[in-house]
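This report concerns only the one structure given below.
The values are calculated or read from the model by the stated rules, or taken from the named source; none is laboratory data. Computed from a prediction, not measured in an experiment: that's the story for all the values here. Counting neighbours? That spans all protein chains shown, and the Cβs are built from the backbone with ideal geometry, glycine included. Accessible surface areas use protein heavy atoms only, side chains included; no ligands, DNA or RNA. Shrake-Rupley method; radii C 1.70, N 1.55, O 1.52, S 1.80 Å.
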Amino acid sequence: KRRIFLVTASLGNGKTVFCEMMRHELMETDAHVFLFKAERDGVEDEIRDICEKYADEPCVVIMDDVYQDLDVLRIFHLYDTRHITFLLTTRTSLASRACAGICSALGENQNQIRMVSLQALSPDECYEMAEILQRENLLSAGSQMARWATEELADHFERKCHSSIGQILLEA
């Protein structure tokens, strides 16, 4: 069954970075990953290939700023997309309009869309993020932050990055 995730965040709060990170992570799985950008040439053929060539294989389609690309999403509705997971983003301020547009474009109802928010982190979440980044060695080895204590890193995320997930990801 097709799955649809709509990632929301305010302007400059990490949606594009999140998409890139997800693309890299998903490339390590058995799924085929497709990232759609603003280019329109040949998009109909690409969508047909995704829907027909890979019909028996799991696929993930990532579209950053889907509100601008609802016309591209409408093309998917012409095909069987049960094997596709859609990872879509929009600004929080456009979420309700984007959600309605997605429903119209794909012929779904609103409860089929799972909302994921990338808003600012709480102090506890900043600490947890610092722990995860350190434990998984996700901080650049040459970075000063890689040598900081967890508490110092969490404090940096709160004060310097203003608990913004986008800023934290860019800093990391």
How far is helix 15-26 tilted, in degrees, relative to the longest principal axis of the Cα atoms in the chain, given as a value from 0 to 90 rounded to the nearest 10? 80
Both in Å, the radius of gyration and Dmax of the C-alpha trace of segment 43-172 are 19.2, 53
Relative to the longest principal Cα axis of the chain, at what angle does helix 95-106 sit, 0 to 90 degrees, rounded to 10? 30
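Protein chains only, probe 1.4 Å: how do GLU136, GLU57 rank by accessible area, largest first? Display every interim value, and only then the final one.
Details: GLU136 105, GLU57 75 Å².
Largest accessible area first, the residues go GLU136, GLU57.
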Which order do the peptides 81-87, 156-162 come out in when sorted by mean C-beta neighbours inside 10 angstrom, highest first? 81-87, 156-162
Surface accessible to a 1.4 Å probe, LEU133 within the full protein complex, Å²: 10
I'd like the FRET efficiency for MET145 and MET27, computed as 1/(1 + (r/R0)^6) with the beta carbon distance as r and R0 of 30 Å, rounded to 0.05. 0.70
Sorted by mean Cβ packing within 10 Å, highest first, what order do the peptides 19-27, 91-99, 142-150, 7-15 take? 7-15, 91-99, 19-27, 142-150
Folded to 0 to 90 degrees: helix 123-135 orientation relative to the chain principal axis, Cα: 90
